[in-house]
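The values are calculated or read from the model by the stated rules, or taken from the named source; none is laboratory data. Note that the coordinates shown come from a computational prediction; the quantities given were computed from them, not determined experimentally. Here the Cβ positions follow ideal geometry from the backbone for every residue, glycine too, while neighbour counts run over all protein chains shown. Areas reflect the complete protein model, heavy atoms only, side chains present, ligands, DNA and RNA absent. Shrake-Rupley method; radii C 1.70, N 1.55, O 1.52, S 1.80 Å.
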Amino acid sequence: MLPAFDQFFRELTGFPPFPWQQRLATLLADPAASWPTWLALPTGAGKTSLLPIWAYALAVQTAVHHRTVPLRAVYVVDRRLLVDQAEQTARDLAQRLGNAPPDTALRAVADQLRIWSSDPPLLVAALRGGRPRLQHWVDHPLQPAILLSTIDQAGSRLLFRGYGVPRRTWSIEAGLLGIDALWIVDEAHLAHALQQTLATVRQTQPSTPATAVPPLRTVFLSATPPADADPASTFTLTSEDHTHPILGPRLTRPKHLRLQAAGSLTLKTQDAASDHRQAAQALDQL
């Protein structure tokens, strides 16, 4: 029996989970639960915590030998900067699990993940332009892994292609991304083509019992889910989140905007002081 998610999250971050994080971890860890399609989470709610939530749920289901949580989490967002930010979260998680001391919740989760591939408990790889092509995640198909990517990089691999990917590995990467993979699509309201592609891939896969390898799963993150999204499959914040002493103020904090003429676009060294003053004025408005 693994420690409670609350204990795991506190050891990982130093803070208790937000109410929505606790609810979602409980939901995903339950093999009989129906997963939401949309997570309606606004900016500042801690969306990247879905990565440790996934890792915890995978460890829980590994312990009970009844798995519906995919072995790989594919975090996709169509901005390189956000890919890099999520990668840091993933690498911090992997490092904490790999170095977890005995008799801790982190160690208990790490030991369950090690059942799949011994060590390390969690592998992290970023698949995006401007980086060397990483091969190690392909060489270990039973390794719990977090893959972070832009839409083009991950989507082309799923469709038996890939920028800079050798032809001989097209089918391998497509298989690893198309089966036993949870696609977490951030800012999904800007990724309609990817939504359609993932839906088509899922339709080609037969439904399988919980004892078999899980098929491709999708979770779409957006502060503004589409109007036609099924409420029954949309995970939203509750009054408990809105009244939380830390999360609540984040959600209700007013955001001020003031328009100011930029002036000449000519770059001059002597404009540095003016730029500094404008930056200081902007900070004063926060």
**Prompt:** Among the residues of region 181-199, is there at least one that is within 22 Å of P31 (Cα to Cα), among the acidic types (D, E) and within 22 Å of the chain's Cα centre (by Cα)?
**Reply:** no
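Of all the strands (runs of 3 or more DSSP E) wholly in region 148-260, which have at least 2 residues that are touching a strand residue (DSSP E or B) at 6+ places or on another chain (Cβ under 8 Å) and not β-branched (V, I, T)? Even if it seems obvious, please write down each step before you answer.
Values: elements: 181-185, 217-221, 234-236.
In region 148-260, the matching strands (runs of 3 or more DSSP E) lie at 181-185, 217-221.
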**Item:** Residue list for region 161-193, restricted to those being farther than 21 Å from L71 by Cα, open to solvent by less than 80 Å² (accessible area, probe 1.4 Å) and of a type in the set (A, V, I, L, M)
**Value:** V165, A188, A191, A193
**Asked** So which residues in region 53-106 are aliphatic (A, V, I, L, M), surrounded by fewer than 23 Cβ atoms within 10 Å (Cβ to Cβ) and not in a helix (DSSP H, G or I)?
**Response** L71, A100
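Condition test on F15, is it open to solvent by 60 Å² or more (accessible area, probe 1.4 Å) and either of a type in the set (F, W, Y) or under 14 Å from the mean Cα position of the chain (by Cα) (or both)? Walk me through how you get there before you give the answer.
Working: open to solvent by 60 Å² or more (accessible area, probe 1.4 Å): yes; either of a type in the set (F, W, Y) or under 14 Å from the mean Cα position of the chain (by Cα) (or both): yes.
When the stated conditions are applied, F15 passes them.
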**Request:** Working carefully through the options D119, D84, D78, find the one that is among the acidic types (D, E) and without any contact (Cβ under 8 Å) to a residue 40 or more places away in the chain.
**Result:** D119
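Only one of R217, R258 is basic (K, R) and open to solvent by less than 70 Å² (accessible area, probe 1.4 Å). Can you tell me which? Show your work before the answer.
Values: R258 fails: open to solvent by less than 70 Å² (accessible area, probe 1.4 Å).
Step by step, each of R217, R258 is checked, and only R217 is basic (K, R) and open to solvent by less than 70 Å² (accessible area, probe 1.4 Å).
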**Prompt:** Which of the residues belonging to region 107-121 are part of a helix (DSSP H, G or I) and open to solvent by less than 10 Å² (accessible area, probe 1.4 Å)?
**Reply:** V109, A110, L113
**Message:** Please count how many residues of region 215-229 are out of contact with any helix residue (DSSP H, G or I) (no Cβ under 9 Å at 6 or more places or on another chain) and under 17 Å from D186 (Cβ atoms).
**Reply:** 1
**Prompt:** What are the residue pairs meeting all of these: first residue in region 174-198, first residue touching a residue at least 40 places away in the same chain (Cβ under 8 Å) and farther than 20 Å from T48 by Cβ, second residue open to solvent by 40 Å² or more (accessible area, probe 1.4 Å) and outside any helix (DSSP H, G or I), Cβ atoms under 7 Å, and 6 or more apart or on different chains?
**Reply:** L176/P141; D180/V213
